[in-house]
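Asker: Here it is: the structure, laid out below.
Computed from the coordinates by the stated procedures, all read-outs in this text should not be read as laboratory data. Please read these numbers as outputs of a predicted model, since none were measured by experiment. When we count neighbours, we look across all protein chains shown, and the Cβ atoms used for this are built from the backbone with ideal geometry, even at glycine.
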Amino acid sequence: TYVGPMARFDLRDELHGQVQATLEEGATLLLGGNKVPGAGNYYEPTVLANVTDQMTSFKQELFGPVASIITARDADHAVALANDSEFGLTASIFTTDSAKARDITNQLETGAVFVNSFSVSDPRVAFGGVKKSGFGRELSHFGVREFCNAQTVWLDRK
């Protein structure tokens, strides 16, 4: 698998700082965790285990090849953990129980929910987040309206 570089060196360094902070907070490093030496803004694919809701990689957005494993007691606890985030771009649910998927989908505070899939983008479907993950939508007819400037004219007939 080829993993491309990050956009800038400072973003790679910020990601590395987030990983190191999470490790100092008690997470376990299963894979990676290092800047790749040499030219380019490369960061090793990284997996962090034993991450809790009090750790940096739970509280902050990590824009890079890092996966944080957070254990939930059950589906209700998983929803509570997901909704405890300041962010809300997308969520993914993997299940064979379509009724349970609908129930969980209705509880999640995200702009999009993907069942048995990771986040995808299609120009026919609106895409965007809630909370600190954005305002409004891109793509579809909703996205086109983001580029419109409506003018309101109020005529007082008094």
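Asker: Under 12 Å from the Cβ of residue 109, count the other residues' Cβ atoms, weight Lys and Arg +1, Asp and Glu -1, and hand me the total.
Answerer: 0
Asker: Further question: Report the label-to-label distance for residue 92 and residue 107 in nanometres (one decimal), using points 7 Å from each Cα along the Cα→Cβ vector.
Answerer: Those two pseudo-labels are separated by 2.1 nm.
Asker: Could you calculate the FRET efficiency of residue 100 with residue 157 from 1/(1 + (r/R0)^6), where r is the beta carbon distance between them and R0 is 41 Å, rounded to 0.05?
Answerer: Rounded to the nearest 0.05, the efficiency is 0.15.
Asker: Taking the Cα-to-Cβ direction at residue 80 and at residue 7 and moving 7 Å from each Cα, how far apart do the two end points lie in nm?
Answerer: 3.6
Asker: Give me the net charge of residue 67's neighbourhood, meaning all other residues with Cβ under 14 Å from the Cβ of residue 67; Lys, Arg count +1, Asp, Glu -1.
Answerer: Charge balance near residue 67 sits at -2.
Asker: Can you list residues whose amide H is under 5 Å from residue 43's amide H, if they're 5+ apart or on another chain and H is modeled 1.01 Å from N?
Answerer: The list, which skips near neighbours in sequence, is 6, 36.
Asker: Give me the lysines in straight-line cross-link reach of residue 100: C-alpha distance below 21 Å, same-chain residues under 8 apart excluded.
Answerer: Partners found: none.
Asker: Would you please put 37-49, 95-107 in order of how densely packed they are, using the mean number of other Cβ atoms within 10 angstrom per residue and starting with the highest?
Answerer: Descending mean neighbour count gives 37-49, 95-107.
Asker: Rg(Cα) of the chain divided by 2.2 N^0.38 Å?
Answerer: Dividing the Cα radius of gyration by 2.2 N^0.38 Å gives 1.30.
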